[in-house]
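Written out below as C-alpha cells is the structure these notes cover.
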Amino acid sequence: MSNKIYFTPGPTGLYPTVPQHIHKALEDDVCAISHRSKKYEAIHEAAVSNVRALLGLPANFHIFFTGSATEIWDRTLENLVEESTFHLVNGSFSKRYFETALELKKNAKALEVPFGEGFDLKTVEVPAGTEMICLTHNETSSGVSLVVDDIKYIRQNNPNAIIAVDSVSSVPYPKYDWSQLDTLLFSVQKGFGLPAGLGVWVVSDKCIDRSIALQQKGKSIGSYHNLPSLLSKAKVNQTPETPNVLGIYLLAKVGEDMLKRGVDTIRKETDTKADILYNTIIKSSVFEPFVKNYEYSSKTVVVANTKILPSEVNKVLSEVGMQVGSGYAKYKDTQLRIANFPGTSVEQVEKLADCLSKIC
Ligand SMILES: *Cc1c(COP(=O)(O)O)cnc(C)c1O
C-alpha cells in the first residue's frame, strides 16, 4: 500500500486498485507471456474495449498503444501532415507540441496567449489550408482548459483539417463529441493513476486514410508506429513491437474498475472535488486561483498562486500523509498544482482542503 496520497499532476498516486492488480499480474505471469500469444491478445482486447467504453468511442475510431504521449505528438505529425500545422499554445505542453512540429520540419504556426490565459474557440482564426490543428484540452503546466463543447467551432470553420486533441491530464473526465475531432492522445500516469510508460492514441478512419494517402505520395510516415502498421496489428489485438504488456494489463483492469464505478459518477465526483479545491483556495489568505477566468479553469489540475513555498506547504501536508505538486518550471516556488484525478476520493480531497485552509 502507498505511504502517501499524491495529488501531484503526473506521475500521480496510483489508482487505489493498482497494487492488487499488480499482484494478480505476477501470479498470472503477465510479464513473461509472449506478445504474440492468445493470452496477450485477450489482455489487449480488454484494454481497448474498456477504454473505448470509457470514452464513448464510435466504431470509426481505433485505439493504438505507444510508449508515451510525447511519442504520439511525433506520430500525429508524421502520419497526418505533409506540410502545415496550427497550434493553440497556452503553456509548456502545447508549446512543446508546436516545437515538435518545427523540429520535424513542418510549416507550423501558433496562436499563443500568456500563461494562465485560455482561448475563445469561437473566434480562433486558422490559416487557410492548414492540414492539422493541434489543441491541448488541459494545459497541465498552467491549469487552463479548453471548453470541450466549443471544439465544434474549430471544426465548423476548418472542415478539412484534422483536429488533434492532447487530453493527457484530463481523460477520462471530458465528454467528447467524436464528430468534432479526429485524433486524441493521452498517457496513463495522470488520469488513470497507472505507472508511466504507456501512450494511448485514438484515431479515426479519416486519419488512417490521410496517412495512407501520404504514403502513396511517396512521403515518409515513419516505420513500425505508422498508422497502417498499427492498424494491421490492432486488427488481431497485437502491436508491431513488444509492448508494455504490464501497462496494457493494468489499463484493462483499471478501465474495468472505472466502468463499474461509472464514468458519469467519475465526472460528477471530479466536479465536486474541483469545487471543494477552488473554494478552499479562493477563501485562503495564502493561496489564490492562478487562472482568473473560471470558464477556463481546469477541473483536473487546479493551479494556485502561493505566498508560502510549495516545499513548506508539503511539509505541513506530510503530517496527514499527503503531497501536492509544485508549480511548473519557473513557477516552481510560487505556485501549487493540485491533481484532481479519479484515483482520489471526495473524502480525501475534503481532508486535503481542510489542511490547506488551516495554513496561514
Ligand atoms: C504529461 C503530459 C504530456 C507528456 O506525457 P508523457 O507521458 O510524459 O509523454 C503531454 N501533454 C500533456 C498535456 C501532459 O500533461
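The values are calculated or read from the model by the stated rules, or taken from the named source; none is laboratory data. Because the structure is a prediction, the values reported are computed rather than measured. Using ideal geometry, Cβ is built from the backbone for each residue, glycine included, and neighbour counts are taken over all protein chains shown. We work out accessible area using only protein heavy atoms, side chains counted, and drop any ligands, DNA or RNA first. Shrake-Rupley method; radii C 1.70, N 1.55, O 1.52, S 1.80 Å.
Values for this structure:
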read-out	value
Condition met for VAL30 (hydrophobic (A, V, I, L, M, F, W, C) and part of a helix (DSSP H, G or I))	no
Hey, TYR328 open to solvent by 50 Å² or more (accessible area, probe 1.4 Å), in contact (Cβ under 8 Å) with a residue 40 or more places away in the chain and aromatic (Phe, Trp, Tyr) or not	yes
Residues (within 12 Å of the ligand (Cβ to nearest atom) and either part of a strand (DSSP E or B) or aliphatic (A, V, I, L, M) (or both)) located in the range 169-189	VAL171, LEU184, LEU185, PHE186, SER187, VAL188
Residue check for GLY247: on the phi > 0 side of the Ramachandran plot and either free of Cβ contacts under 8 Å to residues at least 40 places away in the same chain or surrounded by 20 or more Cβ atoms within 10 Å (Cβ to Cβ) (or both)	no
Filter result (hydroxyl-bearing (Ser, Thr, Tyr) and either in contact with a Lys or Arg (Cβ under 8 Å, 6 or more places away or on another chain) or crowded, with 19+ Cβ neighbours inside 10 Å (or both)) within the range 269-283	THR270, TYR278, THR280
Checking PRO9 against (1) outside the structural domain of GLU350 (by TED's automatic domain parsing); (2) within 25 Å of VAL147 (Cβ to Cβ); (3) within 16 Å of the ligand (Cβ to nearest atom), the condition it does not meet	(1)
All positions within the range 190-209 that are under 21 Å from LEU146 (Cα atoms) and within 15 Å of the ligand (Cβ to nearest atom)	LYS190, GLY191, PHE192, VAL200, TRP201, VAL202
Hits in the range 145-168 - residues which are aliphatic (A, V, I, L, M), open to solvent by 10 Å² or more (accessible area, probe 1.4 Å) and either within 13 Å of the ligand (Cβ to nearest atom) or within 20 Å of ASP205 (Cβ to Cβ) (or both)	LEU146, VAL168
Selected residue [at pLDDT 95 or above, more than 30 Å from LYS4 (Cβ to Cβ) and touching a Lys or Arg at 6+ places or on another chain (Cβ under 6 Å)] from ASP209, ASP182	ASP182
Residue in the range 232-239 that is more than 27 Å from HIS23 (Cα to Cα), at pLDDT 95 or above and under 21 Å from the mean Cα position of the chain (by Cα) present	no
Residue that is farthest from the chain's Cα centre (by Cα), among those in the range 284-299 that are assigned to a loop (DSSP other than H, G, I, E, B) and exposed (fewer than 14 other Cβ atoms within 10 Å of the Cβ)	SER285
Test: residue in the range 345-359 that is of a type in the set (Gly, Ala, Ser) and more than 20 Å from PRO16 (Cβ to Cβ)	yes
Tally of residues being more than 12 Å from the ligand (Cβ to nearest atom) and open to solvent by less than 10 Å² (accessible area, probe 1.4 Å) across the range 90-107	1
Flag for SER142 being under 20 Å from the mean Cα position of the chain (by Cα), polar (S, T, N, Q), surrounded by 20 or more Cβ atoms within 10 Å (Cβ to Cβ) and assigned to a loop (DSSP other than H, G, I, E, B)	yes
